[in-house]
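Read through the structure below, which is laid out as structure tokens, and then see the notes.
The values are calculated or read from the model by the stated rules, or taken from the named source; none is laboratory data. Here the structure is a predicted model, which means the values were calculated and not measured. All Cβ positions, even for glycine, are placed from backbone atoms using ideal geometry, and neighbour counts span all protein chains on display. We work out accessible area using only protein heavy atoms, side chains counted, and drop any ligands, DNA or RNA first. Shrake-Rupley method; radii C 1.70, N 1.55, O 1.52, S 1.80 Å.
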Amino acid sequence: MKIPLARPVINEEMIEAAVNALQNEKLVLGESVFKFEEEFAKYFGVKYAVSVNSGNTALLFAFQALGVDGASEVIGPSATFIATMNGAVLLGADPVFADIDMNTYTIDPEDVKKKITEKTKVIVPVHLYGYPADMEKLMEISEETGIPILEDCAQAHGAEYRGKKVGTFGEVAIFSFYPTKNMTVGGDGGMVITNNEEIAELVKKLRDNGRKSKNTHDIIGHTARLNTVNAAIGRVQLKYLDEWNEKRRKIASIYDKILDTLDEVVTPPKPSSSIKPVYHLYVIRVPENKRNLLGAWLEKNGIQTAVHYPIPIHLQPAYARFGYKEGDLPITEKWAKTVLSIPMFVEMTKDQAKYVGEKIYEFFDKRVYENNKELEKEAQQWIKRLM
Ligand SMILES: Cc1ncc(COP(=O)(O)O)c(C=O)c1O
């Protein structure tokens, strides 16, 4: 059996929609783009959705719209994909990293409070892996301090916190449609959602060369629009999102059943009355000295895994000038050494999920890692390839 970590769904309906857009619409800012935005806004119950060419761009524009500049500090987690903070840094801001809550893998509101200064311009929580951050506490902080929240929902399309979709709490939220995400546009793409008209209008200009009207440009902008063909695919994907998220939760429950019996494996947060995760990834935590061995063991058995993410942002070479060092964020650093993402995709079968679960069970139950020089060597290669 060969089981990939992730696999997007591209069906006939999506292919037809793409071909139709290609043959009948303007290729840039065609009708599908505006329809996709309208439908996306409706799905979230917000006034505005503005599409762009990636989640990274969506973050950059959202930070700019919130006034982030060279005099700002932005507080966010380091336990996330590097793009979460890149937009703020590109605008000249200083990144300020708060540690995470190891139970939810999301930013710890208590640590956020400690890191607020007069320069803090934005707080950017990430609903990492599709598990919601503690929005109640974060919104309290935002209301008390007046600092706006930008929700990074790149991995959390449709996830809910206390019955409300993540992305509808903060002043603005962003999404990514990178192919492995819970929904894609058949390539790169992103979306900014907000109820704030000024933010929406500014993002529309920023994506379109700062265009005020056909040949008048009143700000410096980018060419960063979502292509029409991609939007046409996104419209079809959005129709399936809820059904697909339900399938992901089913796979997660199969994993939970097998893995919760193992003392050395911590399974991700489960659906409850307060959260409804969408399992963009199913991420387990295992003892540090066994993580790479388990990754290598699963690979040997035809199962692809990954680490999201082996190097937290504060320790990335690109962030060296900000002076962070090992030990600054102890929980985040432990997270990077102990997490392992196992296969999770919509079309995964129950048998595939059981097989993955059983192979993990076997690894711990039969102690396959003990005195296993060959596996040790493979583990070293495995982690090297992930770097
Ligand atoms: C948490 C997070 N933020 C931002 C991004 C950036 O999105 P994109 O890859 O569409 O630029 C990603 C995607 O990879 C992500 O996982």
Within-15-Å neighbourhood charge of Asn227 [Cβ basis; K, R +1; D, E -1]: 0
Solvent-accessible area of Trp244 with every protein chain in place, 1.4 Å probe, in Å² to the nearest 10: 10
Among Tyr282, Tyr131, Tyr355: highest mean-square fluctuation, GNM of the chain, C-alpha pairs under 10 Å: Tyr355
Cα radius of gyration and Dmax for region 12-236 (Å): 17.1, 55
Accessible area (Å², 1.4 Å probe, nearest 10) - Asp134: 40
Contour minus Cα-Cα distance for Ile82 and Glu31 (0.36 nm per residue): 15.1 nm
Inter-site label distance for Glu243 and Glu374 at 7 Å from Cα along Cβ, in nm: 4.5
Relative contact order, percent, the chain [alpha-carbon distance under 8 Å, six or more residues apart]: 21
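My understanding is that a pair violates if its Cα-Cα distance is over 28 Å; which of Lys165/Lys212; Lys42/Lys212; Lys42/Lys119; Lys35/Lys164; Lys164/Lys270 do that in this structure?
Lys165/Lys212; Lys42/Lys119
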Whether region 16-60 is rounded, prolate or oblate, judged on the alpha carbon gyration tensor where a/c under 1.5 counts as rounded: oblate
Scaled radius of gyration (Cα, divided by 2.2 N^0.38 Å) that the chain gives: 0.99
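Which value does Rg/Rh take for region 237-287 over its C-alpha atoms, Rh per Kirkwood?
Values: Rg = 12.2 Å, Rh = 11.9 Å.
Ratio value, two decimals: 1.02.
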Of all accessible heavy-atom area on the chain, the percent that carbon and sulfur account for (1.4 Å): 48
Heavy-atom accessible area ranking, 1.4 Å probe, most first, across Glu198, Glu73, Glu288: Glu198, Glu288, Glu73
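If you add up the charges near Ala17, with Lys and Arg at +1 and Asp and Glu at -1, over every other residue whose beta carbon is less than 13 angstrom from its beta carbon, what do you get?
Neighbourhood net charge equals -3.
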Mean separation of Cα contacts under 8 Å, 6 or more apart, over the residue count of region 266-380: relative contact order %: 36
Probe 1.4 Å, protein heavy atoms only - accessible area per residue of region 1-52 in square angstrom: 58
Probe 1.4 Å, protein heavy atoms only - accessible area per residue of region 201-314 in square angstrom: 43
Rounded, prolate or oblate (a/c below 1.5 giving rounded, otherwise prolate when a/b exceeds b/c) for region 310-387 by Cα gyration tensor: prolate
Mean Cβ count within 10 Å, highest first, over the residues of peptides 218-228, 168-178: 168-178, 218-228
Percent of beta bridges antiparallel (DSSP, the chain, rounded to nearest 5): 65
Accessible area, probe 1.4 Å, largest first, for residues Thr261, Thr349, Thr194: Thr261, Thr349, Thr194
Sites Arg211 and Asn20 - FRET efficiency at Förster radius 22 Å, r taken between beta-carbons, to 0.05: 0.25
Residue among Ile311, Ile258, Ile100 with the largest mean-square fluctuation in a Gaussian network model of the chain, springs linking Cα atoms under 10 Å: Ile258
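Using 0.36 nm times the number of residues separating Gln304 and Lys334, minus their current alpha carbon distance, what extension gain do you get?
8.6 nm
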Lys115 versus Glu39: modelled label distance in nm, points set 7 Å from Cα along the beta carbon direction: 3.7
Cα-based reach from Lys115 at 18 Å (exclusive), listing lysines while leaving out same-chain residues under 8 positions away: Lys137, Lys325
Quotient of C-alpha Rg and 2.2 N^0.38 Å, computed over region 242-386: 1.11
